Amino acid sequence: MSGLTQGERRELRIVGFLCNWCSYGGADTAGVARASQPTDLRIIRVPCSGRVDPLFVVKALLNGADGVLVSGCHPRDCHYGTGNFYARRRLEVLRRFLPVLGIDPKRFSYTWVSASEGQRWQTVVTRFTEEIHELGPAPRFMDAGPLEREIEQPASSPLHSLDSASLESLAALKQAIASRLPELDLVLGWQEGRDKAHLVPLFIRTPEDLDRLAIGPLAVHNLAVYLPELKGRKVGIVVKGCDGRSVVELLQEKLISREDVEIFAVACHGTFDTGRIDQALGRYQHLESVRMDGKELRITCDGRERHFSLENDSSTKCLHCKTPLSPLSDHSFGSAPSVGEGDSTPPDLARLDAMTLDERRAFWRSQMERCIRCYACRNACPLCVCRDHCISDTREPHFTTQESTAKEKFFFQIIHSLHLAGRCTGCGECQRSCPVGIPILALREHLIRVTDELFPEYRAGMTVDAAAPLLTYSVEEPHIQEREW
Amino acid sequence: MNCYRFLAKDALSAFLAFLAERERVLVPVEKNGARSSVVFEEWHEGLPFTMLKSTVPPKAAVLPQCEVLFTCRRVPDEGDQNRHVMVLDDTLTAQPTVIVATRPCDARGFAVLDRPYLNGLYQDPYYAARRKELTVLTLTCPTGCESCFCHWVGGGPSSPEGSDVLLTEIEGGYLCQSVTEKGRSLLERSALPDGEDRLASMQEARKKAYQSLGRAPDLKTAPQRISERFSDLDFWNRWTEACISCGACTYFCPTCYCFTITDEGDPAHAEGGRRLRSWDNCMSSLFTREASGHNPRRKKAERMRNRISHKYATYPENWGVFSCSGCGRCVSNCPTGIDIRAILLSALGKEEDMISHGTQSKETGQ
Ligand code: SF4
Ligand code: SF4
Ligand code: SF4
Ligand code: SF4
């Protein structure tokens with residue numbers, strides 16, 4: 001760089017994560033050669049680019065860094081063999097994740113510089129610093145104002161028909177469970193909860209328990225969440241299509257074993273967005289009846305009847321569901337609706353797509369304000385595997401602050417989303433469980449879209465003997481286009 | 001002497017503006033998201049608010065999700081350049097606050113918090129400062145609802161406990177009744193017209209609300225019966241099976257008051273630190289995990305037992321009342337639909353009440 005504005009312009013805060021073996025050496029080589037370099041970069045030396053958790057990058061960007069650069073050994077040159085192959089996948093996913101958070105992806109870059117490439121190092125750091133100066137200081141998350149424009153949620157039509165057909169399988173399902181019950185320790189299903197409009201999980205051990213089994217469009221819970229804690233016992237589980245994918249993912253990650261689980265797959269014809277039903281019912285005292293007929297649900301409470309239809313009031317995940325029947329099963333019931341071609345963008349995500357980066361920050365800030373960090377979203381996720389050792393509240397290490405600002409709460413959503421990248425099946429339990437209705441599923445849906453683009457041959461939760469894309473690598477990455485410097 | 005004033009619906013905003021002249025005013029605001037929810041927010045002119053029961057109780061007004069207890073900083077000693085001293089700042093800030101249109105169960109929640117925080121062995125200065133500056137204007141409930149049960153646990157849709165003023169909706173507006181001296185002076189300072197001529201409508205509305213409630217089971221024996229269940233782990237296991245240990249039930253509860261303390265660096269000062277106090281909850285396994293790694297409540301059933309026992313056995317043993325105001329938020333906000341009423345009744349062997357209440361029995365009959 002020309003160097004002429006160096007003394008005058010305000011320094012920005014750029015964080016560089018450099019691997020010990022190559023890039024740190026490269027920076028050193030540049031220094032020894034007295035190559036002129038901008039001074040905005042603060043270097044953090046790490047053993048390997050594979051050590052750079054994408055969360056380090058997001059944490060820096062959320063907490064005032066204007067830019068973050070990660071640099072490691074060139075692919076095939078990793079000191080540890082494969083660290084940078086993993087890093088490349090993770091960092092590319094991260095780069096594509098940033099926009100949905102309202103963070104300009106240009107503020108983050110990753111590259112490879114070997115210990116002998118002093119000159120390349122000089123080019124990389126100079127270019128990147130220049131680019132960050134063109135962008136100027138990063139806007140702070142907590143400075144985001146309210147979202148000023150109403151952004152319509154685009155209508156989307158389902159990929160398969162939605163109706164109450166799954167209810168018809170109940171008798172056959174009960175019969176099958178009854179015959180298997182003596183061999184199994186328990187079977188997971190649903191039952192009526194505090195009233196007929198609210199189903200809850202059911203743990204079936206006896207024929208009397210089985211009598212209470214309920215299925216259908218109000219059976220929303222993904223029961224796969226219970227499987228890891230029941231490991232070692234023979235468990236039957238009733239699954240919808242999406243729940244079945246969670247079971248597959250758990251099997252794939254060896255969190256449960258195939259011999260211990262017996263899958264009763266019910267062809268699913270859609271579930272209701274129970275939050276929307278609760279909202280429409282409002283405050284009521286007595287629920288008189290719940291009737292499901294075709295696509296229509298009629299709920300009568302306090303003498304008033306209200307109608308819901310799966311077309312208008314289904315969970316948004318059902319609109320783009322391609323797996324109405326579990327990809328893996330031991331018994332299956334009902335016939336699955338045929339799935340249409342194409343992809344549809346989930347409505348909440350389409351709404352975010354229509355926003356500018358500033359608007360997305362404003363959106364997330366205003367939504368996250370009301371999070372009370374109950375972590376229902378985390379605990380309802382069948383694939384959140386750390387359970388009692390979550391990085392967000394463990395003291396070893398003390399990675400996140402206890403401070404309860406919208407920024408910290410948002411950071412937790414980012415932690416959860418990134419930990420699920422490539423593993424999340426889009427089951428929607430995180431969002432369904434949030435008592436204050438924060439539309440957090442959109443973050444996961446965006447990541448699903450990103451991993452679909454990068455690893456089109458893989459879909460989470462479809463095959464047991466596959467490997468999640470971020471837990472593996474390939475030497476050539478056909479879908480990752482690295483930047484030139 | 002009670003003071004009665006009438007607040008016409010179209011005078012609501014002017015009344016809030018009057019309150020806001022002196023204090024921070026918190027009102028329920030409806031939020032749209034994946035599902036709608038109602039949270040308390042600071043009122044300002046033009047803010048759309050609602051009179052609906054909030055999803056999140058206004059507990060944070062006295063017990064914030066997170067607060068700084070003190071900050072400290074290492075600075076050079078003025079007298080001796082070779083030494084450093086630690087400067088500690090524990091200045092208390094308590095903003096005068098008035099909560100408008102909370103419900104009787106939430107107001108009773110403040111009374112539950114007051115006992116340990118104000119009248120326990122040690123008074124909590126942070127809580128005390130905020131509580132002293134708090135005024136509670138409560139909207140009495142027009143009816144009960146399917147998930148709430150205040151009248152089981154000593155409250156009711158018009159219970160005055162914990163409130164400074166009760167507002168009851170009547171034709172055209174709200175009848176305001178002072179409960180405390182604080183409430184009375186507030187009403188007297190206001191320009192609200194006299195409301196004594198409308199007492200009959202107020203009583204009518206409250207009577208209707210009371211009559212709308214279902215039969216309340218007798219919970220007198222609860223402390224004893226629940227204590228007797230202590231070692232019956234089968235019982236607790238059965239009722240906790242569906243629990244995912246998230247903690248929503250406690251964080252949304254107006255009477256839960258456990259916290260944790262964390263020392264952290266201070267982002268504002270490289271050489272500084274701060275002590276934070278934040279909500280904690282007994283449903284989380286970290287809650288009782290000791291530094292050694294030992295955890296006396298490793299199983300979720302043990303944690304559920306703790307929560308239920310605290311609410312219906314040990315707190316009453318200490319204070320004579322339940323630490324539950326029956327608001328029903330743990331029922332309506334639990335992602336797996338666990339119903340505390342059902343657990344309570346089952347512990348008491350009162351399953352018939354459960355069925356009459358529409359709450360399913362999970363007893364397997366063995
Ligand atoms: S992150 Fe959400 S959508 Fe994805 S698997 Fe977990 S609960 Fe399901
Ligand atoms: S469930 Fe909702 S309120 Fe609870 S931690 Fe998650 S986002 Fe926050
Ligand atoms: S809200 Fe429900 S699932 Fe969560 S900890 Fe409480 S009882 Fe368990
Ligand atoms: S429990 Fe229900 S009826 Fe009772 S005060 Fe609370 S909201 Fe009102």
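The table that follows gives values for the structure above.
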quantity	calculated
Sites matching chymotrypsin sites (Phe, Trp or Tyr not before Pro) across the range B:285-355 that sit in DSSP coil, with at most 11 neighbouring C-beta atoms within 10 Å	none
Helix-only mean residue ellipticity at 222 nm for chain A, each DSSP H run of n ≥ 4 adding -39500 (n - 2.57), per residue, nearest 500	-9500 deg cm²/dmol
Length released on extending from A:GLU148 to A:ASP358, taking residue separation times 0.36 nm less the Cα-Cα span	74.6 nm
Pairwise label distance in nanometres, A:LEU170 with B:ARG24, each label 7 Å out on the Cα-Cβ vector	5.0
Mean Cβ count within 10 Å, highest first, over the residues of peptides A:31-43, B:90-102	B:90-102, A:31-43
Rounded to 5, percent antiparallel among DSSP beta bridges of the protein assembly as shown	60
Shielding by partners, peptide A:280-287 (average Cβ within 10 angstrom, other chains)	4
Where trypsin sites (Lys or Arg not before Pro) fall in DSSP loop in the range A:377-459, at most 15 other Cβ within 10 Å	A:ARG395
Antiparallel %, DSSP beta bridges [both residues in the range A:165-333], to 5	65
Rounded percent of accessible protein surface that carbon and sulfur make up, the range A:165-333, 1.4 Å probe	48
Cα-based reach from A:LYS295 at 20 Å (exclusive), listing lysines while leaving out same-chain residues under 8 positions away	A:LYS196, A:LYS240, A:LYS317, A:LYS322
Mean-position separation - Cα centroids, the range A:312-328 and the range A:254-283, in angstrom	10
Inter-label distance for B:GLU45 and B:ASP197, nm, one decimal - labels placed 7 Å from Cα along Cα-to-Cβ	3.2
Per-residue mean of C-beta atoms belonging to partner chains within 10 Å, peptide B:305-314	0
Whole-number percent relative contact order across chain B, with pairs defined as alpha carbons under 8 Å at least 6 apart	19
Surrounding net charge for B:GLY156, when Lys and Arg each add one and Asp and Glu each subtract one, Cβ distance under 13 Å	+4
Interchain or long-range residues, amide H under 5 Å from A:GLN191's placed H	A:VAL200, A:LEU202, A:ALA214
Summed buried accessible area for B+A [probe radius 1.4 Å, Å², rounded to 100]	4600
Table column - 3J(HN,Hα) (Hz), the range A:172-184, Karplus curve with 6.51, -1.76, 1.60, x for Gly and Pro	5, 4, 4, 4, 5, 5, 4, 6, 9, 3, x, 8, 9
The range B:7-152 - percent of accessible surface contributed by carbon and sulfur, probe 1.4 Å	51
Loop-located trypsin sites (Lys or Arg not before Pro) in the range B:141-244, at most 13 other Cβ atoms within 10 Å (DSSP)	B:ARG215, B:LYS220
Å² of accessible area per residue within the protein assembly as shown, as computed with a 1.4 Å probe and no ligands counted	41
Phi-based couplings in Hz for the range A:332-339 (Karplus 6.51, -1.76, 1.60; Gly and Pro marked x)	10, 9, x, 10, 6, x, 7, 9
Cα→Cβ-extended label distance, 7 Å offset, between B:ARG83 and B:ALA128, nm	3.3
Nearest-ten-degree value, helix A:406-419 long axis tilted from longest Cα axis of chain A	80
3J(HN,Hα) from dihedral phi, the range A:47-56, Karplus parametrisation 6.51/-1.76/1.60, rounded to Hz, x for glycine, proline	x, 7, 4, x, 7, 7, 6, x, 5, 4
Within 10 Å of each Cβ in B:29-41, the average number of Cβ atoms from other chains	6
Cut-off under 5 Å, modelled amide H: who pairs with A:GLU288 long-range	A:THR300, A:CYS301, A:ASP302, A:GLY303
Sites B:ASP10 and B:GLU264, calculated FRET efficiency, Cβ-Cβ separation with R0 30 Å, nearest 0.05	0.05
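The values are calculated or read from the model by the stated rules, or taken from the named source; none is laboratory data. Keep in mind it's a predicted model, so treat the numbers as computed, not measured. Glycine gets a Cβ as well: all are built from the backbone with ideal geometry, and neighbour counts include every protein chain shown. Just so you know, the surface numbers come from the protein's heavy atoms only, side chains and all, with ligands and any DNA or RNA stripped out. Shrake-Rupley method; radii C 1.70, N 1.55, O 1.52, S 1.80 Å.
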